[in-house]
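Pasting a structure below so you can have a look.
The values are calculated or read from the model by the stated rules, or taken from the named source; none is laboratory data. Note that this is a predicted model, so its numbers are computed, not measured. Here the Cβ positions follow ideal geometry from the backbone for every residue, glycine too, while neighbour counts run over all protein chains shown. All accessible areas refer to the heavy atoms of the entire protein, side chains included, with ligands and DNA or RNA removed. Shrake-Rupley method; radii C 1.70, N 1.55, O 1.52, S 1.80 Å.
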Amino acid sequence: MRPEAAASLPDRFARWFAARGWRPRAHQLAVLAAAQAGEGALLIAPTGGGKTLAGFLPSLIDLHAAPRPGLHTLYISPLKALAADVARNLETPVADMGLAVSIATRTGDTSATERRQQRASPPQILLTTPESLALLLSLPEAAAGFAGLATIVVDEIHALAGSKRGDQLALCLARLATLAPAARRIGLSATVAHPGALRAYLGGGLRLIEAGAGAAPEIALLLPPGRLPWAGHMGIAAAPAILACIERAASSIVFVNTRAQAELLFQALWKLNTATLPIGLHHGSLDPAQRRRVEAAMAAGSLRAVIATASLDLGIDWGSVDQVIQLGAPKGVARLMQRVGRANHRMDQPSRAILVPANRFEVLECEAAIEGVAAGTLDGDPPRPGGLDVLAQHLLGMACAAPFHPDAMFAEVTAAAPYATLTRADFDAVLGFVEHGGYALAAYERYRKLFRDAEGRLHPRDMRIARHYRMNIGTIVEAPLLRVRLGARGPALGEVEEYFAAQLVPGDTFLFAGRLLRFLRLRETTIEVADGGEGEPKIPAYAGGRLPLSTHLAARVRAMLQAEVGWSRFPDAVREWLSLQRTRSALPDAEGLLVESFPRGGRHYLVAYAFEGRNAHQTLGMLLTRRMQRAGSRPLGFVATDYVLAIWSAEPARDIAALFGEDMLGDDLEEWMAESSLLRRSFRNVAVIAGLIERQRPGATRSHRQVAVSSDLLYDVLRRHQPDHVLLRATRADAAAGMVDLGRVAAMLARVLGRIRHVALDRVSPLAVPVLLEIGRESVRGAAEEEALLAEAEAMLAEAAAIPA
């Protein structure tokens, strides 16, 4: 429904709006009207439209009209930074209007002292994250603490629904519905591709309130100086141009796609920053205190720019930000719109953004993303069924809070949208795993976590179970992290992954937290460092940091390649590249699949322009090399990017159409998944989430190697003795949806059936040059490597452009 001014503000609130020169927007009043009618709402409004205030207005008015102690409103954010920012901003109207309302945050950054104070005297408004909410619901006092809850506000709901964190939140919401059945729910989002599915996720009987469109954003493309890069995704060559953009604006956010890229760009900018402009760095691995300092400085207008990853993607309200700069392709239209919305943060004024592609294919992707934003189309998949591993963690947490009967808990769980179709058999299997480990593990005492009393209710076996559960809560599974500290007693700078620390020897240098650091020693779980050092610094990289190209954006790129009439928007170098490709080979089309084959350097190459994202291409490469091996082509390796898959072999591939047949998703897929390490890696994550493997124990953190060994042993035991174990089923579902991206592979094979165009060449094609340059390359390159890469690219292009004799 379109919002109607169906409610009016109390005098004190109306005067506050008027004093600031504002008028309440129609959608804000519509949310208030829904709340006053005892209904929840899903509000979809453009960035800067006052969504957050709309979510809190009913609560502030309630607490002003009828003050009462205890928790009244629970706000849930996907990011700790967003929760902290919203808490700061909420203090303003509360103070201006003289409201006696207490506000607090509860996240992983909250100190032990603050947590104790909150348990002794709960705030009226609590801002938290899904993980912290799950922990709070596992406490014995949860039933009493949440009984008086009146309102639940879920911000940036699209960022949670459909993920494992979203599954966890949905189960927590179902629990809150049991503890506080009268609590209304308000969902907030600026970018929603599937509003109906999100409405069901939040709770079916909600009013859907859609605000009008805001001012169209102004998005420009900025190319790095000099020759346009062929490959790589760091884009550090654009640092001088980015600094010039920062100098021309009062305040900027520079978004990058990985934490390693953030560190590299920050250092590159500081080397050029002769005017010593105040520039900050923000990503999830930095120490919480440093992140909070950067957030506060940006909110106060003390910084000219901040280099940030997805840690600042959502909702942060810094109205003074003039522009957003996106280094590297955004990978999705919705993600780009979210980031662009951080600039200006005013619904009726345009946000300004600059996209800086890191290579030639990214120029195409950036142009496609700009086109998608102008068309108002959003990408993203609808929420999928909930994970069984998340359910296992939740059931253990609920038993830690209070004993429960399986029948009542099944009814509660299936009230959560992701688990609405969960069968009783699957529920009982998950509960059986939590209770005793399942058939294959029931003989081992360590896997017996619950027991049943005479009435059939389930209890933790001892207090140790609850303590271990709370130490391992959450669905974000990262590699084990080690704290980075200046000296033995200096300040903490943040965390890096264990595998990176294992590569360091005393004297090595690396870039972290915006500083050049020298490794001193590893003391237990702490890396001790000093400032400075010599030599080429290493860059910490983090697993899972790169997002694949979205399906929607991939389709736009394919269509753009065929629509030559639109090439005028491309830089000269890109137009010449595409024109040469059309002359020497062919261009990919929107629905079919272009496959090239050519000899080079004693090898035979097969290059497929699928544009289905890195994960899908890696799966396709695994399956195709198996088929080529059987056919006698003797494949030697492959490389996958977001755009292209290249395979090299000792003998040429034959019968290309049959090679890409849909039947590869039958026996080939089953055999590969059974033999590969992919399912083992996926099982490791599932086992950690489900609580089969505990990474954190009192006084100790298990190393990555210890977790891997335990996981592999358990995987083999379950495959041998209970192949239908719920965790193995969860593993296969995870792998298909995540690492394997099976849905995209299947959709692509169906789409190109009968539409495969094979072009046999006598040399490399212009469009294949970027992917061949990725062979054997590391993800982080220095200046010398980039120069060598450029020389290799130009030699390869000269080869591609040569006219055959």
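Please state which one of A392, A399 is touching a His at 6+ places or on another chain (Cβ under 7 Å), part of a helix (DSSP H, G or I) and either open to solvent by less than 10 Å² (accessible area, probe 1.4 Å) or polar (S, T, N, Q) (or both).
A399
Now a separate question. If I go through the stretch 175-203 residue by residue, how many of them are farther than 30 Å from L553 by Cα and aromatic (F, W, Y)?
Here the count works out to 0.
Need the failing condition index for R470 against (1) in a helix (DSSP H, G or I); (2) open to solvent by 20 Å² or more (accessible area, probe 1.4 Å); (3) more than 30 Å from A501 (Cβ to Cβ), just the number.
Unmet condition: (3).
So, restricting to helices (runs of 4 or more DSSP H) that lie completely within the stretch 558-671, which ones have at least 3 residues that are within 35 Å of the chain's Cα centre (by Cα) and touching a residue at least 60 places away in the same chain (Cβ under 8 Å)?
Per the criteria, 572-584, 614-630.
Residues are listed down the side, and each one gets a yes or a no for (1) without any contact (Cβ under 8 Å) to a residue 24 or more places away in the chain; (2) touching a Gly at 6+ places or on another chain (Cβ under 6 Å); (3) open to solvent by 40 Å² or more (accessible area, probe 1.4 Å); (4) assigned to a helix (DSSP H, G or I):
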| site | (1), (2), (3), (4) |
| --- | --- |
| T113 | yes, no, yes, yes |
| P140 | no, no, yes, no |
| G166 | no, no, no, yes |
| L176 | no, no, no, yes |
| A182 | no, no, yes, no |
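Also, quick follow-up: In the stretch 686-721, how many residues are at pLDDT 85 or above and open to solvent by less than 30 Å² (accessible area, probe 1.4 Å)?
Adding up the residues that qualify gives 11.
Okay, next question. Does L481 satisfy the condition of being within 30 Å of H394 (Cβ to Cβ), surrounded by fewer than 19 Cβ atoms within 10 Å (Cβ to Cβ), touching a helix residue (DSSP H, G or I) at 6+ places or on another chain (Cβ under 9 Å) and not β-branched (V, I, T)?
Judged against the criteria, L481 is a match.
Can you pull out the residues in the stretch 115-138 that are in contact with a helix residue (DSSP H, G or I) (Cβ under 7 Å, 6 or more places away or on another chain) and part of a loop (DSSP other than H, G, I, E, B)?
P122, Q124, T129, S138
To continue, here is another question. Being surrounded by 18 or more Cβ atoms within 10 Å (Cβ to Cβ) and more than 20 Å from P181 (Cβ to Cβ): is that true of H436 here?
For H436, the condition - surrounded by 18 or more Cβ atoms within 10 Å (Cβ to Cβ) and more than 20 Å from P181 (Cβ to Cβ) - is met.
Restricting the search to the stretch 278-307, which residues are open to solvent by less than 20 Å² (accessible area, probe 1.4 Å), at pLDDT 90 or above and more than 16 Å from D85 (Cβ to Cβ)?
Listed by number, the residues that qualify are I279, L281, A305, I307.
Kindly indicate whether R446 is touching a residue at least 40 places away in the same chain (Cβ under 8 Å), assigned to a helix (DSSP H, G or I) and open to solvent by 60 Å² or more (accessible area, probe 1.4 Å).
It is false that R446 is touching a residue at least 40 places away in the same chain (Cβ under 8 Å), assigned to a helix (DSSP H, G or I) and open to solvent by 60 Å² or more (accessible area, probe 1.4 Å).
Still on this model: Scanning the stretch 402-431 for residues that are assigned to a helix (DSSP H, G or I) and in contact (Cβ under 8 Å) with a residue 60 or more places away in the chain, which turns out nearest to G691 (Cα to Cα)?
V430
Which of the helices (runs of 4 or more DSSP H) found entirely inside the stretch 1-95 contain at least 2 residues meeting this: β-branched (V, I, T)?
Output list reads 51-65.
Quick check on the stretch 260-277: of everything there that is open to solvent by less than 30 Å² (accessible area, probe 1.4 Å) and small (G, A, S), which residue is farthest from L79 (Cα to Cα)?
Checked the stretch 260-277; the qualifying residue farthest from L79 (Cα to Cα) is A268.
Test T551 against the criterion of being under 30 Å from I476 (Cα atoms), among the β-branched types (V, I, T) and open to solvent by 10 Å² or more (accessible area, probe 1.4 Å), and give yes or no.
Considered against the rule, which asks whether it is under 30 Å from I476 (Cα atoms), among the β-branched types (V, I, T) and open to solvent by 10 Å² or more (accessible area, probe 1.4 Å), T551 comes out as yes.
I'm trying to understand the selection: among the residues of the stretch 115-136, which are over 24 Å from P288 (Cα atoms) and surrounded by 21 or more Cβ atoms within 10 Å (Cβ to Cβ)?
Result: Q124, single match.
Within the stretch 141-185, restricting attention to residues that are of a type in the set (S, T, N, Q) and in contact with a helix residue (DSSP H, G or I) (Cβ under 8 Å, 6 or more places away or on another chain), which residue is nearest to T129 (Cα to Cα)?
The extreme case among them is Q168.
While we're here: Just checking, does the stretch 212-235 include any residue being open to solvent by less than 30 Å² (accessible area, probe 1.4 Å) and free of Cβ contacts under 8 Å to residues at least 24 places away in the same chain?
no
Within the stretch 237-250, how many residues turn out to be open to solvent by 10 Å² or more (accessible area, probe 1.4 Å), in contact with a helix residue (DSSP H, G or I) (Cβ under 8 Å, 6 or more places away or on another chain) and touching a residue at least 60 places away in the same chain (Cβ under 8 Å)?
1
Then there is this: Report yes if L63 is among the hydrophobic types (A, V, I, L, M, F, W, C), open to solvent by less than 10 Å² (accessible area, probe 1.4 Å), closer than 20 Å to L160 by Cα and touching a residue at least 12 places away in the same chain (Cβ under 8 Å), otherwise no.
Criteria not met by L63.
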